[in-house]
Amino acid sequence: MPLDTAQTGPRPGRLTSHEARQRLEHARNSRLAQLRALDESVHSTDAHLVSAQTEAIQRVLTEIDEAFVRVDDGTYGSCQGCAKPVPAERLEILPYTRHCVACQGRATA
């Protein structure tokens, strides 16, 4: 779902740049808190499991950083597979997603 520009103003069902940034910041902060918790528990858990969890969180943080770039260049909310708007509900759940559900299914198949 494309972002509104300051010139056009918000439209129903569309995310503003500010809203997108807030969601992405929340997602980033949550993942950073998870990394801190993993670092603190490294002595009491399986090192292989902690390593796998750390790598997964790092991948999500990279996706979040890439989403910030899409906010800046105006492509945030547009599916990179089909160029259609990503539904707002999906962006609420995964604010850093690059694809609509259908394209995500094809990308992971």
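If Ser51 meets every condition in (1) open to solvent by 20 Å² or more (accessible area, probe 1.4 Å); (2) closer than 27 Å to Thr16 by Cα; (3) among the polar types (S, T, N, Q) apart from one, which number is that one?
Result: Ser51 passes all but (2).
Tell me the residue from Arg36, Arg14, Arg31, Arg106 that is basic (Lys, Arg) and under 13 Å from the mean Cα position of the chain (by Cα), please.
Arg31
Take His99 and tell me if it is free of Cβ contacts under 8 Å to residues at least 60 places away in the same chain, more than 19 Å from Ser17 (Cβ to Cβ), exposed (fewer than 13 other Cβ atoms within 10 Å of the Cβ) and not aliphatic (A, V, I, L, M).
no
Please indicate, with yes or no, whether at least one residue in the range 67-83 is aromatic (Phe, Trp, Tyr), in contact (Cβ under 8 Å) with a residue 12 or more places away in the chain and not in a loop (DSSP other than H, G, I, E, B).
Yes, the range 67-83 contains at least one residue that is aromatic (Phe, Trp, Tyr), in contact (Cβ under 8 Å) with a residue 12 or more places away in the chain and not in a loop (DSSP other than H, G, I, E, B).
Given the conditions (1) at pLDDT below 80; (2) open to solvent by 30 Å² or more (accessible area, probe 1.4 Å); (3) more than 25 Å from Ala107 (Cβ to Cβ), which single one is not true for Asp4?
All conditions pass for Asp4, except number (2).
Of (1) open to solvent by 50 Å² or more (accessible area, probe 1.4 Å); (2) among the hydroxyl-bearing types (Ser, Thr, Tyr); (3) at pLDDT 95 or above, Thr108 satisfies all except one. Which?
(3)
Which of the residues belonging to the range 55-88 are of a type in the set (Asp, Glu) and under 13 Å from the mean Cα position of the chain (by Cα)?
Those that are of a type in the set (Asp, Glu) and under 13 Å from the mean Cα position of the chain (by Cα): Glu63, Asp65, Glu66.
Is there a residue being in a helix (DSSP H, G or I), in contact with a helix residue (DSSP H, G or I) (Cβ under 7 Å, 6 or more places away or on another chain) and at pLDDT 95 or above anywhere in the range 41-56?
no
The values are calculated or read from the model by the stated rules, or taken from the named source; none is laboratory data. As the structure is a computational prediction, the values presented were derived from the model and not from experiment. Cβ sites come from the backbone with ideal geometry, for glycine too, and all protein chains shown count toward neighbours. Just the protein is used for accessible areas: all its heavy atoms, side chains included, with ligands, DNA and RNA removed. Shrake-Rupley method; radii C 1.70, N 1.55, O 1.52, S 1.80 Å.
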